[in-house]
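The structure appears right after this line, and notes come after that.
The values are calculated or read from the model by the stated rules, or taken from the named source; none is laboratory data. Just so we're clear, the structure is a prediction, and the values are computed from it rather than from any experiment. Cβ placement follows ideal geometry from the backbone for every residue including glycine, while neighbour counts extend to all protein chains displayed.
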């Protein structure tokens with residue numbers, strides 16, 4: 001007799017119970033099985049990639065590039081689902097509350113980590129309620145001025161602002177967005193006084209900057225490089241840690257005399273908390289492969305964005321650090337959205 005065996009035999013499982021057990025095990029295992037096997041399941045629809053921003057914007061564009069790459073790499077459909085509203089929180093909350101089965105993902109911008117600092121009631125934890133997959137890209141911003149302003153570099157701008165306190169206005173694409181907070185960080189580190197003028201989008205702010213209604217603006221390289229090259233705007237510096245390949249002669253903010261000024265808009269990919277680690281790793285690997293293909297790099301490079309494709313662990317640490325960084329800027333600026 002086998003040790004521990006009492007000699008009694010268990011009754012065989014009923015066929016119906018065996019089928020139910022097999023079905024349950026298959027369903028629970030499916031998300032972290034090879035995606036080719038998932039694609040053969042008729043009961044599974046496309047993986048939803050929720051974007052808490054309207055169609056056509058930068059977040060939507062990088063989400064569609066990512067979804068297309070994942071679909072090709074994993075052989076299963078990925079569908080971009082735009083869920084704007086609530087400053088971006090509605091879409092993020094939908095992912096936070098989704099089942100952690102690999103069927104729902106989130107693509108969001110750096111605004112994701114600013115929610116707790118900007119809103120009294122968020123409804124989810126931007127760190128704990130999500131499984132970080134990868135940082136997709138980072139997008140440096142340019143410090144821009146109207147060419148009629150008598151400054152040629154950041155030091156000159158700071159000197160002018162100190163000599164004319166409150167005389168300069170800086171525009172942004174909206175209150176408490178990345179461009180607004182970039183201006184607030186300049187004010188904080190340089191000790192200058194500038195008036196913030198929020199617009200409904202970057203395009204009208206850029207128009208007024210060209211027209212001289214405002215004098216200063218932070219904007220993404222993708223939407224401003226054409227105006228810079230045409231001489232309608234003057235770029236003083238880039239906000240990234242290193243110079244941009246597209247504008248190699250443009251210094252960074254740190255090189256321009258502001259130690260610690262490194263601030264970029266960025267886009268990341270998350271799953272709901274509790275998503276199996278194997279599924280997260282597989283999604284990260286497929287995303288990295290997709291972002292580094294010549295076809296995708298050809299789409300991203302002209303925008304000034306830089307592919308990151310970090311590991312889940314690297315992205316998790318990055319998000320925690322970014323939350324602290326942006327929260328500090330918001331706290332000192334007094335910016336609020338409710």
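Can you tell me which residue is modelled with the lowest pLDDT among those in the stretch 67-91 that are touching a strand residue (DSSP E or B) at 6+ places or on another chain (Cβ under 6 Å), closer than 18 Å to residue 272 by Cβ and part of a helix (DSSP H, G or I)?
Of all residues in the stretch 67-91, those touching a strand residue (DSSP E or B) at 6+ places or on another chain (Cβ under 6 Å) come to 67, 70-71, 78-83, 91.
Adding the requirement that they be closer than 18 Å to residue 272 by Cβ leaves 67, 70, 78-81, 83, 91.
In the following step, the residues that additionally are part of a helix (DSSP H, G or I) were identified as 67, 70, 91.
Details: 67: 96, 70: 93, 91: 97.
Filtering first and then ranking leaves 70.
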Checklist entry - Which one of these does residue 59 not meet: (1) at pLDDT below 95; (2) more than 23 Å from residue 306 (Cα to Cα)? => result (2)
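Search the stretch 47-61 for residues being touching a helix residue (DSSP H, G or I) at 6+ places or on another chain (Cβ under 6 Å) and in a loop (DSSP other than H, G, I, E, B), and hand back the single one that is surrounded by the most Cβ atoms within 10 Å (Cβ to Cβ). Before you say what the answer is, go through the steps one by one.
Just the residues of the stretch 47-61 that are touching a helix residue (DSSP H, G or I) at 6+ places or on another chain (Cβ under 6 Å), to begin with: 49-53.
If we keep only those that are in a loop (DSSP other than H, G, I, E, B) too, we end up with 52-53.
On the way: 52: 26, 53: 20.
Step by step, filter the stretch 47-61, then rank; the result is 52.
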Checklist entry - Could you count how many residues in the stretch 163-180 are out of contact with any strand residue (DSSP E or B) (no Cβ under 6 Å at 6 or more places or on another chain) and either farther than 11 Å from residue 217 by Cα or assigned to a strand (DSSP E or B) (or both)? => result 7
Checklist outcome for this item: Per the filter on the stretch 199-218, residues touching a helix residue (DSSP H, G or I) at 6+ places or on another chain (Cβ under 9 Å), modelled with pLDDT of 95 or more and either surrounded by fewer than 16 Cβ atoms within 10 Å (Cβ to Cβ) or not in a loop (DSSP other than H, G, I, E, B) (or both) are 205, 206, 209, 210, 213, 216, 217, 218
Checklist entry - Here are some conditions: (1) over 27 Å from the mean Cα position of the chain (by Cα); (2) surrounded by fewer than 18 Cβ atoms within 10 Å (Cβ to Cβ). Residue 241 meets all but one. Which one does it not meet? => result (1)
Checklist entry - On the given criteria, is residue 258 surrounded by 16 or more Cβ atoms within 10 Å (Cβ to Cβ) and not in a loop (DSSP other than H, G, I, E, B)? => result no
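Has the stretch 321-334 got at least one residue that is touching a strand residue (DSSP E or B) at 6+ places or on another chain (Cβ under 9 Å), at pLDDT below 95 and crowded, with 17+ Cβ neighbours inside 10 Å?
From the stretch 321-334, those touching a strand residue (DSSP E or B) at 6+ places or on another chain (Cβ under 9 Å) are 322, 333; that's our starting set.
Pick out the ones that are also at pLDDT below 95 and you get 333.
In the following step, the residues that additionally are crowded, with 17+ Cβ neighbours inside 10 Å were identified as 333.
Within the stretch 321-334, one or more residues are touching a strand residue (DSSP E or B) at 6+ places or on another chain (Cβ under 9 Å), at pLDDT below 95 and crowded, with 17+ Cβ neighbours inside 10 Å.
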Next on the checklist: Exactly one condition in (1) in contact (Cβ under 8 Å) with a residue 12 or more places away in the chain; (2) out of contact with any helix residue (DSSP H, G or I) (no Cβ under 6 Å at 6 or more places or on another chain); (3) within 21 Å of residue 304 (Cα to Cα) is false for residue 193; which is it?
Outcome noted: (3)
Checklist entry - What number of residues in the stretch 278-302 are touching a residue at least 24 places away in the same chain (Cβ under 8 Å), farther than 15 Å from residue 65 by Cα and surrounded by fewer than 20 Cβ atoms within 10 Å (Cβ to Cβ)? => result 2
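Can you pull out every residue in the stretch 290-320 that is outside any helix (DSSP H, G or I) and either outside the structural domain of residue 66 (by the TED database) or out of contact with any strand residue (DSSP E or B) (no Cβ under 8 Å at 6 or more places or on another chain) (or both)?
Here is the first cut: in the stretch 290-320, the residues outside any helix (DSSP H, G or I) are 292-293, 304-311.
Hit for the stretch 290-320 is 293, nothing else.
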Checklist entry - For residues in the stretch 164-177 being surrounded by fewer than 24 Cβ atoms within 10 Å (Cβ to Cβ) and modelled with pLDDT of 95 or more, which is nearest to the chain's Cα centre (by Cα)? => result 169
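Select, from 196, 180, the only residue that is closer than 22 Å to residue 324 by Cα and at pLDDT 95 or above.
Numbers: 196 fails: closer than 22 Å to residue 324 by Cα.
Among 196, 180, only 180 is closer than 22 Å to residue 324 by Cα and at pLDDT 95 or above.
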Checklist outcome for this item: (1) closer than 30 Å to residue 284 by Cβ; (2) touching a strand residue (DSSP E or B) at 6+ places or on another chain (Cβ under 9 Å); (3) not in a strand (DSSP E or B) all hold for residue 137 apart from (3)
